[in-house]
Amino acid sequence: MKKNPDQPADAAALRRLAEERWKAREEIPRSDTPRSDERLVHELQVHQIELEMQNEELQQARARADALLVQYTDLYDFAPISYFTLDREGTIRQVNLTGARLLGVERSRLVNRRFGQFVAEGDRRAFSDFLEKVFASEAMESCQLTLPREGPQPLVVRIEGIRSVDGQKCRVVMLDITKRRRAEEALREKSEEQTWLLKSMLNAFVLFDSVFDVNGKFVSYRFRYINNAYERITGVTQEEVFGKTVHEIWPETEASWIENYGSVAMSGKPLTFDMYHKPTAKHYHCFVYRPQDTNRQFCVVFEDITERQKAETAIRQQLDELQRWHEATLGRERRIQELKREINHLLVAAGQAPRFASVAGDGEK
C-alpha cells in the first residue's frame with residue numbers, strides 16, 4: 001500500500017508532528033518553564049495528538065482499502081471473462097457475475113457446487129484430467145468443454161487454470177467460444193464440400209505453386225493439390241507429387257507448358273489452349289487462371305482430348321481422301337466429256353449425226 005507523503009515515517013516524525021500540532025492549539029495554556037505536573041500534562045496532550053493522528057491515518061488507510069475493494073469488485077464481477085476458484089475436488093468456491101450468467105445460475109446457488117455438474121457427460125473425463133494436471137504442476141493448463149444448456153445448441157467453452165500459491169485451489173478463466181467453434185465447423189464443412197466437389201469433378205483440377213529463379217523469373221511450378229480426375233488421367237497420385245516440381249515428376253515437360261503457365265501466373269490473365277504433353281503422351285484442353293491476386297499460385301482445369309484429337313485427325317484424313325477422290329472423279333468426268341465431244345466432232349466431220357446428245361452443240365456445229 002502506498003503511503004501518503006504527509007504521514008509520519010516513524011515514531012520520531014510522529015512525535016515532531018504532534019508537538020507542532022500541540023503548539024498550534026491556542027486554547028492550551030503553557031509555560032516556558034513547565035513544572036513536573038505541567039510536563040506530565042504536556043506529555044499526555046502530545047500523546048493524545050499522536051493517537052488522533054494515528055487514527056486519522058487508519059481512517060485514511062481504511063478509505064483507500066474500501067476504494068480498492070470496490071475497484072477490485074468491479075473488475076472481478078463485471079469483467080467480460082468468467083472467473084472461478086475451484087478446489088481439488090472441482091467444487092466452486094468463488095465465481096464472478098459473468099461466470100454465473102454464463103452458466104445460467106444465480107451466483108449464490110453456484111458456490112459449493114461441483115463444476116463438473118455443468119459439463120457434458122462426454123467431456124467430464126477431460127475436465128477431471130484438466131484438474132489433475134493443474135494441481136500436479138505450476139504451469140497453466142487448458143482444455144475445451146461442452147456445457148449443455150436449454151436450446152438446440154450447447155455451450156462450448158475454453159477453460160484455463162493455474163494452481164494457487166497454497167496448492168489447495170486453482171484460479172480458472174472460462175471463455176465462451178461457441179460462436180468461434182460454429183464458425184470453425186462451418187468453415188470445415190465448406191472446405192470439405194469444396195474438396196468433395198473438386199475430387200468429384202469429371203475434369204482434372206490442379207493447384208500449382210509458382211517457382212521463380214533468383215531474378216524473379218517464372219521457371220517451374222510445384223504441385224500443391226490434384227483431384228481424382230487428375231490422378232486418373234495422368235497416372236500419378238497426390239502423395240507422389242505433393243511438394244514436387246513438374247520437372248521432378250516429368251523431366252521431359254516441354255518449355256511451351258512453362259511459357260503458358262508462366263504468362264498466367266505473372267499477368268493474372270486467364271488462358272485457354274490445347275496442347276500435347278509428351279511425358280504422358282496425351283493431348284489436353286486447358287483453362288489456366290489465378291485463384292487470388294498473387295503470382296504465387298495458379299490453377300489448371302483440363303480434360304483429356306486425346307481420343308477426340310485422334311477422332312478429329314481420322315475425320316480430317318477421311319475428308320482429305322474424299323476430297324482427292326472427288327477431284328479425281330471430276331477429272332475423269334471432264335475427260336469423258338472431252339472424249340464425247342471429240343467423237344461427235346469426228347462423226348460430224350464424216351457426215352454422220354453426233355452420237356452423244358448430252359454434249360451435242362458444244363462446238364460440233
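The table for this structure:
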quantity	calculated
Other-chain or far-sequence residues with amide H under 5 Å of Ser82's (modelled H)	Met174
Residues Ser142 and His47, FRET efficiency given R0 of 51 Å [Cβ-Cβ distance, rounded to 0.05]	0.30
Karplus-derived HN-Hα couplings along the stretch 94-108 (A = 6.51, B = -1.76, C = 1.60, θ = phi - 60°), whole Hz, x at Gly and Pro	8, 7, 8, 5, 5, x, 5, 5, 5, 7, x, 10, 4, 4, 4
Burial order of peptide ranges 191-202, 161-172 (average beta-carbon count within 10 Å, highest first)	161-172, 191-202
Rounded FRET efficiency, nearest 0.05, which uses the C-beta distance separating Arg64 from Arg109 and R0 of 25 Å	0.15
Segment Glu259-Arg16, extension gain: residue separation times 0.36 nm, minus the distance between their alpha carbons	78.0 nm
Phi-based couplings in Hz for the stretch 297-313 (Karplus 6.51, -1.76, 1.60; Gly and Pro marked x)	9, 8, 10, 9, 10, 8, 10, 7, 10, 4, 5, 5, 5, 5, 5, 5, 5
Residue exposure sequence - Glu239, Glu56, Glu259 - by fewest surrounding Cβ within 10 Å	Glu239, Glu259, Glu56
Cα centroid of the stretch 169-193 to Cα centroid of the stretch 257-279, whole Å	42
The stretch 248-261 - phi-based ³J(HN,Hα) in whole Hz, Karplus 6.51/-1.76/1.60, Gly and Pro as x	6, 7, 10, x, 8, 4, 5, 5, 4, 5, 4, 5, 5, 5
Linear extension gain, Ile177 paired with Gln297, 0.36 nm per residue minus alpha-carbon span	39.9 nm
Cut-off 16 Å (backbone N to label point 7 Å along Cα→Cβ of Gln194), residues of the stretch 278-302	289-294, 297-301
Loop chymotrypsin sites (Phe, Trp or Tyr not before Pro), the stretch 235-329 (other Cβ atoms within 10 Å of the site Cβ: 16 or fewer; DSSP)	Phe242
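Bear in mind these aren't lab numbers, they're just calculated from the coordinates by the rules spelled out. All values derive from a computational prediction rather than experimental measurement. We place every Cβ from the backbone using ideal geometry, glycine too, and count neighbours over all the protein chains shown.
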